Every structure is written in structure tokens, then in C-alpha cells.
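Below is one structure, written out as C-alpha cells; the observations come after it.
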Amino acid sequence: MKTIACALAAATMMSAGPVHAAKAQIAQMLKLSSETRIEQRCDARAMGAVQREHKGFEPDEFVAYAFTDPILRGSKITAPGGAIRSNGKWYRLSYTCKTNADGLDVVTFAYQLGGEVPRREWDAHYLVPKSNKRARARSAWAPAP
């Protein structure tokens, strides 16, 4: 459900002007439960912070519950056992994040990026490899040898 709402918001933003896109994104976020909205905002903040603050990192996925379930109390979420994927590798990441009452704006955020997660541990922690849809599409159309 989270993925569908975020995809709808992204599609709406691409087809409209910046102001309309921002309003559409907020409208889509408000359709989510407050818990989901808070986690989505804070997960996005984690990915953005890592990309800005760690040269060479290009995060494309975050799993807040990879090693330990997140703890939500009011508008504050602590994700002590998360994992973030960058350039096809997974890394441990923990964060603490507080949003405003409606869960739309991050008020405080702190995180710690940890070490790389060995490939042999990925399956046990819901960590998936980056799919290469483009390569698969090419191979599907490749002529038979």
C-alpha cells in the first residue's frame, strides 16, 4: 500500500507544475496512516542524508525493519536496525526521527551509517539485490545463438 501511494504521488508530480505537484504529494501522503506517513518521511530523510553526506553513496532502497523493528511513539520513530542499499550493496543504518503532528515535516533527525551487510545475510533480513530490469529486457529480446 505504501508503494502504491508513493508511486501515485510521483506520477502526479511528473505530470504537473511544481506547486500542483507538491499539493498532490501532500494529498497522497495524507491518505496514509499517520504511522506509515511518519516512517515514509523519515526513511526518505535517511536516504537523502546519506546521499548528501557520504561521497559515492547513491541510496535506492531502505528497509527500516531489517534487523530490528522500528519503535514509534507519537510522532517520533526510532529505527535501530535498518539497512540502506547503495550501488548494489547493503549497509546497516539506524536513525531517530521526529516529525510534526501530521507527519509531513521532519523536525529532528539523527542517524548513524554502519558497515556493509555481508551478502550471505541478505535473505534473512529481507534485503534484496538491485534488479537490473534493463539488462533483463535486453536479454529477453536477444536473438537465439
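The values are calculated or read from the model by the stated rules, or taken from the named source; none is laboratory data. For clarity, every value in this text was computed on a predicted model and none was experimentally measured. Here Cβ is always computed from backbone atoms with ideal geometry, including for glycine, and neighbour counts include all displayed protein chains. The accessibility values were calculated without ligands, DNA or RNA, using every heavy atom of the protein model including side chains. Shrake-Rupley method; radii C 1.70, N 1.55, O 1.52, S 1.80 Å.
Observations
- Taking the stretch 54-90 as the range and being part of a strand (DSSP E or B), open to solvent by 40 Å² or more (accessible area, probe 1.4 Å) and under 13 Å from Pro129 (Cα atoms) as the test, the residues that pass are Asp60, Glu61, Lys89.
- Inspection of the stretch 68-78 finds a residue satisfying the criterion of being among the acidic types (Asp, Glu) and either out of contact with any strand residue (DSSP E or B) (no Cβ under 9 Å at 6 or more places or on another chain) or under 16 Å from Glu35 (Cβ atoms) (or both).
- Residue in the stretch 21-53 that is nearest to His125 (Cα to Cα), counting only those that are basic (Lys, Arg) and either open to solvent by less than 30 Å² (accessible area, probe 1.4 Å) or not in a helix (DSSP H, G or I) (or both): Arg37
- Residue count for the stretch 91-119 satisfying the condition of being open to solvent by less than 80 Å² (accessible area, probe 1.4 Å) and not polar (S, T, N, Q): 16.
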